[in-house]
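Asker: Mind having a look at this structure? Questions to follow.
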Amino acid sequence: MNKLIKSQEIINILKVKGLYLYDNGVEGFCTSVSNLDDNNEDSICWIKKYNYDASLLSSNILVVNENFKYSCKKKTIIYTKQAQLAMAYLIKEFFEDMSAGLISNKCSIDTSVKMGKNISIGDNSIIGMNCSIGDNTQIHSNCVIYPNTHIGSDVIINSGAKIGQAGFGYIKDLNGNNLQFPHLGSVIIKNNVEIGSNVCIDRGSLSDTVIDDYTKINNLTHIAHNVRIGKNCLITANVNISGSAVISDNVYIGPNSSIKDGVKLSENIIIGMGSIIRKDIESKKTIVPIESFEKREYIRIIKKLRE
């Protein structure tokens, strides 16, 4: 049976988070969370529209924004500074199954690893020598964390991620053959970072690869050696960031984009889907790639630009 959650418990959480404004004084309870299209009388849901007709809903508890117009004495209505954010916190507090503190007996953890509290590690994951993992971090199944990788607190690493392997950095020997330059650095992942499934993050060569606080990286992304990524960045699926690139704070990189090695992206940049970035970009710029064109039309446009 699901746990019964009283409306006052919900209000208390929102007060702690600084999101609570007031409520309509009706006491209620819930045992589940739902959306506007699929709800029941034992659920809680949030409403974005200020003029939504809440009589259409069965939910006992509604989380709304301050400008919400509907009034009712049969439902608990909790007014907040930002309803969607409030709901995110409530889901994490009451409904999300984080499998907290569960370390699979099918994973491999070197005895030298330093681990904080409440850590979860899934089946078949491998944690190498001299790694460190902060509190409340989740490492899902089939991940490989190579030696000397340092992971902060409240980090989520999804299935299949590979972190800390040597980068793809080669030089020519005296006979013209490819020789890998040594990679002695590590990967440092700071707090509240999320890393998607099958992401690859290479360790640095003579310096570290660093992912800063609250940055989120989507599936199938590659981050090369010596890359430094700032705070609160959103890096979407299939992005390639080549060696020694620097991504400053609050940068958004759209799907299938490529960042050339050594490029610096300043703060608050938006990189559109499919962009190829070959040079430094100043802060607060939005980069829009060329959309899909039929070949003859594309050639005509390029000729026109060259004129």
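The values are calculated or read from the model by the stated rules, or taken from the named source; none is laboratory data. Please read these numbers as outputs of a predicted model, since none were measured by experiment. Positions of Cβ are generated from backbone atoms using ideal geometry, with glycine treated the same way; all protein chains shown enter the neighbour counts.
Asker: Of all residues in the range 211-227, count the ones that are surrounded by 20 or more Cβ atoms within 10 Å (Cβ to Cβ) and outside any loop (DSSP other than H, G, I, E, B).
Answerer: So the count comes out to 3.
Asker: In the list Leu14, Leu62, which residue meets the criterion of being at pLDDT 95 or above and in a strand (DSSP E or B)?
Answerer: Among Leu14, Leu62, only Leu62 is at pLDDT 95 or above and in a strand (DSSP E or B).
Asker: Conditions: (1) at pLDDT below 95; (2) of a type outside the set (A, V, I, L, M, F, W, C); (3) over 23 Å from Ile277 (Cβ atoms). Gly169 meets all but one. Number of the miss?
Answerer: In the conditions (1) at pLDDT below 95; (2) of a type outside the set (A, V, I, L, M, F, W, C); (3) over 23 Å from Ile277 (Cβ atoms), Gly169 misses (3) alone.
Asker: Considering only residues of the range 68-122 that are touching a residue at least 12 places away in the same chain (Cβ under 8 Å) and among the acidic types (Asp, Glu), which is surrounded by the most Cβ atoms within 10 Å (Cβ to Cβ)?
Answerer: Glu93
Asker: Restricting attention to the range 25-39, which residues are surrounded by 14 or more Cβ atoms within 10 Å (Cβ to Cβ) and either out of contact with any Lys or Arg (no Cβ under 8 Å at 6 or more places or on another chain) or part of a loop (DSSP other than H, G, I, E, B) (or both)?
Answerer: Those that are surrounded by 14 or more Cβ atoms within 10 Å (Cβ to Cβ) and either out of contact with any Lys or Arg (no Cβ under 8 Å at 6 or more places or on another chain) or part of a loop (DSSP other than H, G, I, E, B) (or both): Val26, Gly28, Cys30, Thr31, Ser32, Val33, Ser34, Leu36, Asn39.
Asker: If I filter the range 141-162 for residues that are at pLDDT 95 or above, out of contact with any His (no Cβ under 8 Å at 6 or more places or on another chain), of a type in the set (D, E, K, R) and closer than 30 Å to Lys15 by Cβ, do I get at least one hit?
Answerer: Looking for residues that are at pLDDT 95 or above, out of contact with any His (no Cβ under 8 Å at 6 or more places or on another chain), of a type in the set (D, E, K, R) and closer than 30 Å to Lys15 by Cβ, one finds at least one in the range 141-162, hence yes.
Asker: Check whether at least one residue in the range 149-162 is among the basic types (Lys, Arg), buried (at least 20 other Cβ atoms within 10 Å of the Cβ) and closer than 22 Å to Asn238 by Cβ, and report yes or no.
Answerer: no
Asker: A follow-up question, please. Taking His183, is it surrounded by 18 or more Cβ atoms within 10 Å (Cβ to Cβ), assigned to a loop (DSSP other than H, G, I, E, B) and touching a strand residue (DSSP E or B) at 6+ places or on another chain (Cβ under 6 Å)?
Answerer: For His183, the condition - surrounded by 18 or more Cβ atoms within 10 Å (Cβ to Cβ), assigned to a loop (DSSP other than H, G, I, E, B) and touching a strand residue (DSSP E or B) at 6+ places or on another chain (Cβ under 6 Å) - is not met.
Asker: Identify, from the list Ser248, Ser197, Ser266, the residue that is touching a residue at least 24 places away in the same chain (Cβ under 8 Å), touching a strand residue (DSSP E or B) at 6+ places or on another chain (Cβ under 7 Å), more than 21 Å from Gly169 (Cβ to Cβ) and of a type in the set (Gly, Ala, Ser).
Answerer: Of Ser248, Ser197, Ser266, the one residue that is touching a residue at least 24 places away in the same chain (Cβ under 8 Å), touching a strand residue (DSSP E or B) at 6+ places or on another chain (Cβ under 7 Å), more than 21 Å from Gly169 (Cβ to Cβ) and of a type in the set (Gly, Ala, Ser) is Ser248.
Asker: Going through Ile171, Ile201, Ile188 one at a time, which residue ends up being part of a strand (DSSP E or B) and touching a Leu at 6+ places or on another chain (Cβ under 7 Å)?
Answerer: Just a single option satisfies the conditions, and that option is Ile171.
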